[in-house]
1. Among the residues of the stretch A:202-238, count how many are exposed (fewer than 11 other Cβ atoms within 10 Å of the Cβ) and under 18 Å from residue A:298 (Cβ atoms).
2. Considering only the stretch A:140-216, give the helices (runs of 4 or more DSSP H) lying wholly within it that have at least 2 residues that are more than 13 Å from chain B (Cβ to nearest Cβ), within 23 Å of the chain's Cα centre (by Cα) and without any contact (Cβ under 8 Å) to a residue 40 or more places away in the chain.
3. Here are A:134, A:107, A:123: which of them is away from chain B (no Cβ under 14 Å), touching a helix residue (DSSP H, G or I) at 6+ places or on another chain (Cβ under 8 Å) and farther than 30 Å from residue A:347 by Cβ?
4. Condition test on residue A:234, is it more than 24 Å from the chain's Cα centre (by Cα), modelled with pLDDT of 90 or more and assigned to a helix (DSSP H, G or I)?
5. For the stretch A:134-162, name all the residues that are surrounded by fewer than 18 Cβ atoms within 10 Å (Cβ to Cβ) and either outside the structural domain of residue A:111 (by TED's automatic domain parsing) or under 30 Å from residue A:95 (Cβ atoms) (or both).
6. So is residue A:93 touching a residue at least 40 places away in the same chain (Cβ under 8 Å), more than 27 Å from residue B:307 (Cα to Cα) and more than 14 Å from every other protein chain (Cβ to nearest Cβ) or not?
7. With the checklist (1) surrounded by 14 or more Cβ atoms within 10 Å (Cβ to Cβ); (2) touching a helix residue (DSSP H, G or I) at 6+ places or on another chain (Cβ under 8 Å); (3) within 24 Å of residue A:326 (Cβ to Cβ) in hand, flag the one item residue A:196 doesn't pass.
8. Give me the residue from the stretch B:311-325 that is closer than 24 Å to residue B:45 by Cα and at the interface with another protein chain (Cβ under 9 Å from one of its Cβ atoms) and, out of that set, modelled with the lowest pLDDT.
């Protein structure tokens, strides 16, 4: 076990260095540079441009700069962004990371819960109406043109029904009177969501210990209601409630769109593994024992089919940047994906490299966690 | 005894192979036909193929029906050209669907139906080229790294790991800065990027199960070369799976092209993504106008979604033939 993981970590470090090198040279190969943008600007004389280039280290040969970059990278320093000049790339990333993480973790969680439940039922009643509709609708949304779905949802919910804000992160009218920073409120909201998740997990673990179905349900529902009401009371009593609500309202539409777009992926994985599990002998045995249909489905079949879904979930969390570009652009959500597109348009090379490298680290970590989870969840797998 | 051997020799080998192949095909077709969803996908693909093929007829017919009377206009204007067309008889473009323009016109006065039809064969070419490149690379690498193992295997598997690290859309955006992404180049790049990625791992796993079967050992003992074994014995056995992945990759390639065109990063003159990009960049997809000017985005968007899902449906149908564990008992 330990040997496997030490080997894996060494592999990850080597992969990361190759990845950073490729990303660096790819960006270096882009024509033009940041200072070329000021070529036609009469206020910026050639001397200033030269100084600018010198400050950013653009006067040195590319290979020297690469060595500098790698040296800084070893010190976990991703450099300084060109377009947001004095800011560090890492601070920019950490400023925007919570937004992307919150949006995508929520959307992924919702779509996996939906996918798990639908996939389980579809496989259990194979060929029935639920199976057929779920597969058909799921695949249509899975292959739909995502920007168009986003535009359509904005139109339907924002323009016609007028129940949700169109896009952006906050509504400026609400925030005009206060000097609170949106980031501050947002981080508090994130913390609240995290606490809620932890409480739900603990209550689920407790629910496992209880014998009857009714007791299980009460424990889960009770803990959910209590945590929610406590947090709502806390938010309203401090007077920050409207601001939090504003952010949440702005999140609903992107989360809904992303869920609609991606639930089929998890549903189809669940359905296919479930179809294989259903044929196992222990499912037949459980049925022969006379156990209720739902118990066989949920306890004997679905739990054993859960493994690929969980590893899929962990890996898909790693890929938030790439999926984020389209959604965040359509909803003007100031996260990592939008930062990437902006950096690309302004040729902010350090930020571009930083974002790609950061996602790379994220994906590699997700793969490692998936490996650990595999060994943890399936006792048959030993490294 | 002699008679029997003569009869065997008399029938040429290709005939036997053809008969076996036909038998196999009939069995698979029966399996395939049970899947309504796959049939639906196949018919949508056929519909789009026909739709694209009849494109050249459309401008000629329409022009001869509606523009015949006005001889001067007939000779100067090309109202149904998908790229440079303009209809001077209509004063405000975009105009809603009418008899002359069945799906209306776009802000530049071009016929929407003509643009949609013109793009169809291009999407097919793009999707199928990209998927074909992916599958050819993936199959050859998967088969050979399973067969040889050792250094070859390690190299290609680590390469796949690196390729999988790159978010493909983000990389294509960077590439669009210094490569003119024409249709063919885009197909090539998408194909190569996907070909060295996860597909090699899947196909290698499949090839490993073929490698341990006895007929490989038998072929080796009769003195077959490595290349012969890979080409004649391993690849035919993993081909169904690669074909399935090809169908799924077509979906990905068409989607990627549409997104790149939509963001205005590809160098393609006309495609479904470009049509929506056109509508979006001239402000017709904002606020309430999205409902008013529906003909600017519904046809192209529906085409992208329909064709992508059709290939996916077909892939799902094929999956049950390839993977017997998913079949109904």
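1. Residues that pass the stated criteria total 6.
2. Here the list reads A:182-209.
3. Criteria check complete, one pass: A:107.
4. no
5. If the condition is that a residue be surrounded by fewer than 18 Cβ atoms within 10 Å (Cβ to Cβ) and either outside the structural domain of residue A:111 (by TED's automatic domain parsing) or under 30 Å from residue A:95 (Cβ atoms) (or both), then A:158 is the only one that fits.
6. yes
7. Single failed check for residue A:196: (3).
8. From the stretch B:311-325, those closer than 24 Å to residue B:45 by Cα are B:311-323; that's our starting set.
Cutting the leftovers down to at the interface with another protein chain (Cβ under 9 Å from one of its Cβ atoms) gives us B:311-313, B:316, B:319, B:323.
Working: B:311: 92, B:312: 91, B:313: 90, B:316: 85, B:319: 81, B:323: 74.
Here the answer is B:323.
The values are calculated or read from the model by the stated rules, or taken from the named source; none is laboratory data. Only a predicted model underlies this, so the values are computations on that prediction, with no experimental measurement involved. All Cβ positions, even for glycine, are placed from backbone atoms using ideal geometry, and neighbour counts span all protein chains on display.
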